[in-house]
C-alpha cells in the first residue's frame, strides 16, 4: 500500500476483525485477516493487541489447543463503543478524501 497506516487506523482494523467473532479469535488468525486489507507483520500486531487490551477494548483468554494454550482476544463493550467511533470517523474522512479525488465540492 502506498499510504501509511497510523496507529489509530490499525487499532480500528484490529477491533473490526476481532468483532466479527462473538467468541473471539486468536492472534495468528487476526494477523491473516488484517493482512487481507493491509500488510502488517506479527511483530507489529502483537503490541497493538496488548495496547487494546490495556485500554480495555479487548479481553484475552487462553484455550487449550493440541496440548498448548492459544491466546484468544474478544472485543469488550468499551471496544464496541470505540469501534463505532472509528467507523463514524472513517466514513467522514473517506467521504471527504473521495470528494477531493473526484474533484467534487
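Each reported figure results from applying straightforward, stated rules to the coordinates on display, with no laboratory input. This structure is a prediction, so every number in the text was calculated from the model and none was measured. Cβ atoms come from the backbone with ideal geometry, glycine included; neighbour counts cover every protein chain shown.
Listed values, structure above:
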item: Residue check for residue 71: assigned to a strand (DSSP E or B), in contact (Cβ under 8 Å) with a residue 24 or more places away in the chain and at negative phi; result: yes
item: Flag for residue 48 being assigned to a helix (DSSP H, G or I) and either within 15 Å of the chain's Cα centre (by Cα) or surrounded by fewer than 15 Cβ atoms within 10 Å (Cβ to Cβ) (or both); result: yes
item: Which numbered condition residue 60 fails, given (1) part of a helix (DSSP H, G or I); (2) without any contact (Cβ under 8 Å) to a residue 60 or more places away in the chain; (3) closer than 17 Å to residue 17 by Cα; result: (1)
item: Pairs, first part of a strand (DSSP E or B) in the stretch 15-43, second surrounded by fewer than 16 Cβ atoms within 10 Å (Cβ to Cβ), C-beta under 6 Å, six or more apart; result: 26/70
item: Given (1) surrounded by 13 or more Cβ atoms within 10 Å (Cβ to Cβ); (2) touching a strand residue (DSSP E or B) at 6+ places or on another chain (Cβ under 8 Å); (3) in contact (Cβ under 8 Å) with a residue 24 or more places away in the chain, index of the condition residue 82 fails; result: (2)
